[in-house]
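Please treat every number below as a calculation from the coordinates, not as lab data. Note that the coordinates shown come from a computational prediction; the quantities given were computed from them, not determined experimentally. No Cβ is skipped: glycine too gets one built from the backbone with ideal geometry, and neighbour counts run over all protein chains shown.
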Amino acid sequence: EDKVVQSPLSLVVHEGDTVTLNCSYEVTNFRSLLWYKQEKKAPTFLFMLTSSGIEKKSGRLSSILDKKELFSILNITATQTGDSAIYLCAVGFQGAQKLVFGQGTRLTINP
Amino acid sequence: DGGITQSPKYLFRKEGQNVTLSCEQNLNHDAMYWYRQDPGQGLRLIYYSQIVNDFQKGDIAEGYSVSREKKESFPLTVTSAQKNPTAFYLCASSIGQPGANVLTFGAGSRLTVL
């Protein structure tokens with residue numbers, strides 16, 4: 001059975017802190033790993049990773065994939081209250097359309 | 001603006017009733033999806049469709065039905081056979097590139113069974 005596991009499930013930090021969110025996977029026919037941010041309703045796309053060791057960066061957010069150890073991390077530096085959200089990790093498969101999601105990490109940034 | 005429209009945003013249903021959730025997209029995407037979100041369980045795939053008049057079951061299809069008569073539309077019916085239908089339902093679409101699919105999501109429909 002394909003599994004995508006995120007940790008921690010919940011995290012509370014102060015504004016300005018740096019956080020690292022984890023996503024590990026055990027799937028057959030891995031093709032890609034995606035990160036989404038869900039603030040209120042619709043998840044919005046952050047990154048898609050397909051190659052090991054190549055960091056993707058957007059402002060204060062960055063992510064990297066390790067295909068040997070089967071995990072990805074999402075880093076957020078200098079956190080702001082607007083970063084409070086659920087962060088979802090998903091895996092895409094060779095030759096298949098669907099994505100399998102992890103449970104999500106609920107991140108709360110306190111002022 | 002291109003996007004995905006889900007309706008209704010909130011829906012209440014009595015036990016034993018079927019209900020249909022609407023999903024319309026104007027992104028010209030080939031593939032469409034329905035996910036269910038429960039607290040602490042992330043998103044679970046109900047059904048997906050790669051082209052018109054074709055769809056596949058996801059991991060939790062029991063108690064649900066779909067149709068794909070038009071490219072733009074992918075309605076989901078929650079039937080009385082679904083034992084625990086109270087949840088947040090998300091519709092998504094993509095251009096349909098296998099394995100490297102970036103899904104665009106709608107704002108969701110929250111269904112509560114009374």
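Descriptive notes on the structure:
- Across every direction, the projection of the convex hull enclosing the Cα atoms of chain B has a mean area of 6.9 nm².
- Residue-averaged beta-carbon neighbours from other chains (10 angstrom radius) around B:93-104: 6
- Summing Lys and Arg as +1 and Asp and Glu as -1 over all other residues whose Cβ lies under 10 Å from the Cβ of B:Ala87 gives a net charge of +2.
- Pairs with C-alpha atoms separated by more than 18 Å, drawn from the list A:Lys3/A:Lys68; A:Lys37/A:Lys67; A:Lys37/B:Lys57; A:Lys3/A:Lys57; A:Lys40/B:Lys83, are A:Lys37/A:Lys67; A:Lys37/B:Lys57; A:Lys3/A:Lys57; A:Lys40/B:Lys83.
- Farthest toward the positive end of the dipole of the protein assembly as shown, out of B:Pro8, A:Phe71, B:Val102, is the Cα of B:Pro8, where the dipole comes from beta carbon charges about the Cα centre.
- Overall, the range A:1-93 carries a charge dipole of about 280 debye about its Cα centre when +1 sits on the Cβ of Lys and Arg and -1 on the Cβ of Asp and Glu, all other atoms neutral.
- Loop-located trypsin sites (Lys or Arg not before Pro) across the range A:4-90 with a Cβ neighbour count of 12 or fewer within 10 Å are A:Lys40, A:Lys68, with loop assigned by DSSP.
- With R₀ set to 22 Å, the beta-carbon distance separating B:Gln17 from B:Arg110 gives a calculated FRET efficiency near 0.85.
- Sparse packing (at most 12 other Cβ atoms within 10 Å of the Cβ) combined with a DSSP loop state is found for the following GluC sites (Glu not before Pro) in the range A:1-58: A:Glu1, A:Glu39, A:Glu55.
- Stretch in chain B that is longest and holds no trypsin sites (Lys or Arg not before Pro) that DSSP places in a loop and that have at most 12 other beta carbons within 10 Å: B:15-82
- Amide H within-cut-off set for A:Leu65, under 5 Å, with H built and near neighbours excluded: A:Gly53, A:Ile54
- Put in order of Cβ neighbour count within 10 Å, fewest first, the listed residues B:Asp38, A:Asp83 become B:Asp38, A:Asp83.
- Highest GNM mean-square fluctuation among B:Gln56, B:Gln82, B:Gln41, for chain B modelled with Cα contacts below 10 Å: B:Gln41.
- Semi-axis lengths, Å, the range B:1-56, gyration tensor of Cα atoms, sqrt of 5 times eigenvalues: 22, 15, 14
- Remark on the protein assembly as shown: Rg and Dmax equal 17.5, 51 Å (Cα only).
- Translational D in µm²/s for chain A (Stokes-Einstein at 20 °C, 1.002 mPa s, Kirkwood Rh from C-alpha pairs): 153
- Farthest toward positive dipole pole in the range A:1-63 [+1 Lys/Arg, -1 Asp/Glu at C-beta], among A:Tyr36, A:Gly53, A:Thr20: A:Tyr36
- Sequence-distant contacts, meaning Cα pairs under 8 Å at least 6 residues apart, place the relative contact order of chain B at 35 percent.
- Counting DSSP beta bridges with both ends in the protein assembly as shown, the antiparallel % (nearest 5): 90
- Chymotrypsin sites (Phe, Trp or Tyr not before Pro) within the range A:41-78: DSSP coil, no more than 13 neighbouring Cβ in 10 Å: none
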